[in-house]
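Working notes, structure below.
The values are calculated or read from the model by the stated rules, or taken from the named source; none is laboratory data. Quantities reported herein were computed from a predicted structural model and do not represent experimental measurements. Glycine also receives a Cβ, built like all others from the backbone with ideal geometry; neighbour counts cover every protein chain displayed. In case anyone asks, the SASA skips ligands and DNA or RNA and just uses the protein heavy atoms, side chains included. Shrake-Rupley method; radii C 1.70, N 1.55, O 1.52, S 1.80 Å.
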Amino acid sequence: DTAVSQTPKYLVTQMGNDKSIKCEQNLGHDTMYWYKQDSKKFLKIMFSYNNKELIINETVPNRFSPKSPDKAHLNLHINSLELGDSAVYFCASSQGRLAGGEFFGPGTRLTVL
Amino acid sequence: AQTVTQSQPEMSVQEAETVTLSCTYDTSESDYYLFWYKQPPSRQMILVIRQEAYKQQNATENRFSVNFQKAAKSFSLKISDSQLGDAAMYFCAYRSAWGKLIFGQGTELSVKP
């Protein structure tokens, strides 16, 4: 199926650990994103890559590091996890940054204990 | 900075009836794009409808239509013949021609049988 996929869908970990979330899209899109949805369901962009180049980098702690090995993949690595990092993280993709709107992955629910 | 406001945290509609969800935004730009996303309990983000600001004609997708009032900076979503499957959180979102997607706070829609 054509889609944006993320692994894992659920992640439970201890404070201080390092974890990664992987994202892949097979839609042929050239732009990929990471969004964070907090406990009040507010969605905010974290990063955006266009053709493997970082184009949006919001005010995110530098414990969060995105990596785009190619146009179809955008991974998110988080160091030294904190309780406040608990949220749902969405990967998304779009063709260009214009009118198309993002196609979202299923989300990864991260719980930091 | 652009902002998006959804003033109705919760809405309720009877099955088969029509409901309108409100959204206002603030921008000084003339060229931008507006979207409505649906997030059902499965948490998957689904693009419902999009509108280009330069188009005067309101977008329509089956039972979903928008009322785009550019001068008033208003972008409401009308759902006709509401179905149980329409129950979800609905997010209004704004993007400038080369900017990030900015979401409103969301409106939780319940559908009564």
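Lysine pair count for the stretch B:3-112 with Cα-Cα distance under 30 Å and sequence separation of 8 or more or different chains is 15. Largest first, the three principal axis extents of the alpha carbons in chain B are 42, 26, 21 Å in whole numbers.
Remark: the protein assembly as shown carries 48 Å² of accessible area per residue (probe radius 1.4 Å; ligands, DNA and RNA excluded). Counting only the backbone N, which residues of the stretch B:59-101 are under 20 Å from the spot 7 Å out from the Cα of A:PHE42 toward its beta-carbon? Answer for this model: B:89-96, B:100-101. Dipole size of the protein assembly as shown about its Cα centre, with +1 on Lys/Arg Cβ and -1 on Asp/Glu Cβ: approximately 220 debye, rounded to the nearest 20.
In this structure, the amide hydrogen of B:MET89, modeled 1.01 Å from its nitrogen in the peptide plane, lies closer than 5 angstrom to those of B:GLN39, B:LEU109, counting only residues at least 5 positions away or on a different chain.
Pairwise inverse Cα distances across the protein assembly as shown, averaged and inverted, put the Kirkwood hydrodynamic radius at 18.1 Å.
Nonpolar atom fraction for chain B, defined as the carbon and sulfur part of the 1.4 Å probe accessible area, stands at 46 percent. This model, with +1 at the C-beta of Lys and Arg and -1 at the C-beta of Asp and Glu, gives the stretch A:1-90 a dipole about its Cα centre of some 180 debye. Between the residues B:MET45, B:GLY99, B:PHE64, the greatest Cα displacement towards the positive end of the dipole of the stretch B:3-112, with unit charges on the Cβ of Lys, Arg, Asp and Glu, is found for B:GLY99. For the stretch A:5-13, putting each phi into the Karplus relation 6.51 cos²θ - 1.76 cosθ + 1.60 with θ = phi - 60° gives couplings of 10, 10, 9, x, 7, 10, 9, 10, 8 Hz, in residue order, rounded to whole numbers and with x for Gly and Pro.
For chain A, the convex hull drawn through the C-alpha positions has a volume of 94 cubic angstrom per residue. Counting, for every residue in B:43-49, the Cβ atoms of other protein chains within 10 Å of its Cβ and taking the mean gives 5.
Sequentially through the stretch B:44-50, phi angles give Karplus couplings (6.51, -1.76, 1.60; θ = phi - 60°) of 5, 8, 10, 6, 8, 6, 9 Hz, Gly and Pro residues having no value and appearing as x.
Note: relative contact order over chain B, using C-alpha pairs below 8 Å and six or more positions apart, is 37 percent.
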